[in-house]
Amino acid sequence: MKSSNVTRYVLIAIIAVAGFVAVPFFPMVSSAIAFAAGAVICGIALLFVKTTNSTEESVETNDLTTLYIGNLNYKVNENAIKAYFEQYGYVDSVRLMKDRKTGRRKGFGFVEVEADAADKMITKLNDSVFEERTLRVRLAKEKVED
């Protein structure tokens, strides 16, 4: 009996000092059970928020591949390219190259896509006609730094 009272007073002291307590739960524990366990601890209503690890988010960005797209119509914009490529998988970003002096498009660019869909996009979109031009779609080469 004395042990549970000590635990209760320690928990109340932590809440009073910190203002909150973070209690990690594993995915197999339902939120109803977690809330019930929290309610039993001190009768204090607790808010449970789902969080993600930063490593989970970084895994998603590591699964991207960059494709080179060439022979683009100079009037094409990033949104049109993204919509065209998304027929075959997730597109993270589109970069169309411009001349530094004039600001006009150069007719090529790069598309960051989901690695699993890259081969399918190359197969389906290489030599396809888009905006009256035959596209060249390939895996982008690594940028060589001097």
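Read the figures in this text as sums done on the coordinates, not as results from a lab. This structure is a prediction, so every number in the text was calculated from the model and none was measured. Cβ: placed from backbone, ideal geometry, glycine included. Neighbour counts: every protein chain shown.
Here 81, 69, 122 are placed in order of increasing Cβ neighbour count within 10 Å, fewest first, which gives 122, 81, 69. The packing ranking, built from the mean of other Cβ atoms within 10 Å per residue, places the peptides 107-115, 132-140 in the order 107-115, 132-140, highest first. FRET efficiency for the pair residue 123 and residue 98, taken as 1/(1 + (r/R0)^6) with r the Cβ-Cβ distance and R0 = 22 Å, rounds to 0.15. The ranking of 121, 97 from fewest to most other beta carbons within 10 Å of each one's beta carbon is 97, 121. Model label sites at residue 143 and residue 80, defined 7 Å from Cα along the beta-carbon direction, differ in position by 2.6 nm.
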